[in-house]
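Beneath this line is the structure, given in structure tokens, with notes to follow.
Computed from the coordinates by the stated procedures, all read-outs in this text should not be read as laboratory data. Every value quoted in this text rests on a predicted model; they were computed, and no experiment measured them. Positions of Cβ are backbone-derived with ideal geometry, glycine not excepted, and every protein chain shown enters the neighbour counts.
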Amino acid sequence: MQILLTNDDGISSRGLQELAGVLSTFACVTVVAPAFEQSGTGHGITVLQPLRLYKADMEGPESAWAVQGMPADCVKLALEHVLPQKPDLVISGVNCGPNLATDVIYSGTVSGAMEGYIYGIPSIAISLIHDFDNLSVALDFVKRICLWWEKNQFLPAMILNINVPSGKIDGYRWAKLGFRTYDNAFEERVDPMGRQYFWLHGDVVDIGDHGQTDVDVVKDNKISITPLKYDLTDYAQLEDFVDKPFI
């Protein structure tokens with residue numbers, strides 16, 4: 001099995017390095033990850049400056065590369081230049097912090113996996129809700145999914161967004177995305193030169209749906225698994241408007 005591994009926490013991240021070690025025990029792993037942390041970069045790509053690729057030293061994988069770019073850059077560069085052929089799986093993580101609900105839009109972790117899916121490759125984004133609590137659980141869960149996929153390769157390409165809560169885990173549950181927003185999202189500050197600036201900050205407001213969303217699932221101490229897609233079309237609105245004059 002050939003696996004491409006990336007993340008948004010950067011190539012020196014503990015989550016990525018430990019996952020690379022676990023995956024390398026049963027698969028041929030290539031790591032292509034950002035040289036520095038790229039959290040919150042979403043599905044951005046680098047178009048106004050060159051992408052620089054550096055060989056990295058890492059135990060376990062067949063090869064490891066650091067990219068001065070974002071997660072989507074890493075996957076694009078890996079598939080177009082580093083790897084001689086498409087891998088069987090693209091995995092992004094293990095991320096230190098949740099990627100739940102509407103935050104998947106901003107997530108570099110999810111975007112790394114999404115880029116693999118755009119190329120037609122089954123992909124996984126794996127995140128921890130709190131720091132590195134239950135990292136060993138996340139590593140084992142990803143391993144199990146990889147081995148499950150290897151036995152079921154007739155399945156179509158998909159992307160799975162997985163979040164592992166802290167504390168005692170009570171199984172897993174498939175769930176749809178919830179809704180997440182923030183109160184007091186910007187903190188106003190003044191630099192030493194007296195100039196105003198802002199720092200993104202705030203309290204999370206999670207809106208669940210009677211146990212049906214990923215937000216609800218992790219609050220219930222279960223691992224949440226959400227299948228995602230890149231098609232953002234609102235089909236209900238499209239069907240409603242298609243035969244109506246608009247202007």
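So, of the residues in the range 200-247 that are of a type in the set (A, V, I, L, M, F, W, C) and surrounded by fewer than 10 Cβ atoms within 10 Å (Cβ to Cβ), which turns out to be nearest to Val110 (Cα to Cα)? Before the answer, list the steps.
If we filter the range 200-247 for residues that are of a type in the set (A, V, I, L, M, F, W, C), which is where we start, we get 200, 204-205, 207, 215, 217-218, 223, 225, 228, 232, 236, 238, 241-242, 246-247.
Now narrow it down to the ones that are surrounded by fewer than 10 Cβ atoms within 10 Å (Cβ to Cβ): 200, 232, 236, 238, 242, 246-247.
Values: Leu200: 20, Leu232: 15, Ala236: 26, Leu238: 27, Val242: 32, Phe246: 35, Ile247: 38 Å.
So, considering only residues that are of a type in the set (A, V, I, L, M, F, W, C) and surrounded by fewer than 10 Cβ atoms within 10 Å (Cβ to Cβ), the one nearest to Val110 (Cα to Cα) is Leu232.
Exactly one of these conditions fails for Leu79: (1) touching a Phe, Trp or Tyr at 6+ places or on another chain (Cβ under 9 Å); (2) outside any helix (DSSP H, G or I). Give me its number. Result: Leu79 passes all but (2). Scanning the range 1-34 for residues that are part of a helix (DSSP H, G or I) and either within 21 Å of Pro98 (Cα to Cα) or in contact with an Asp or Glu (Cβ under 9 Å, 6 or more places away or on another chain) (or both) returns Arg14, Gly15, Leu16, Gln17, Glu18, Leu19, Ala20, Gly21, Val22.
Results for (1) crowded, with 17+ Cβ neighbours inside 10 Å; (2) closer than 16 Å to Asp9 by Cα; (3) in contact with a Ser or Thr (Cβ under 7 Å, 6 or more places away or on another chain); (4) of a type outside the set (Val, Ile, Thr), shown as yes or no for each residue.
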residue	(1), (2), (3), (4)
Leu100	yes, no, no, yes
Gly108	yes, yes, yes, yes
Gly120	no, no, no, yes
Leu135	yes, yes, no, yes
Asp140	no, no, no, yes
Lys143	no, no, no, yes
Cys146	yes, no, no, yes
Asn152	no, no, no, yes
Leu177	yes, no, yes, yes
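So which of Gly69, Gly93, Gly112 ends up being within 30 Å of Lys168 (Cα to Cα) and not in a strand (DSSP E or B)? Spell out how you get there, then give the answer.
Details: Gly69 fails: within 30 Å of Lys168 (Cα to Cα); Gly93 fails: not in a strand (DSSP E or B).
One residue alone meets the criteria, Gly112.
Taking the conditions exactly as written (surrounded by fewer than 21 Cβ atoms within 10 Å (Cβ to Cβ) and touching a Phe, Trp or Tyr at 6+ places or on another chain (Cβ under 6 Å)), does Leu53 satisfy them or not? The answer is yes for Leu53.
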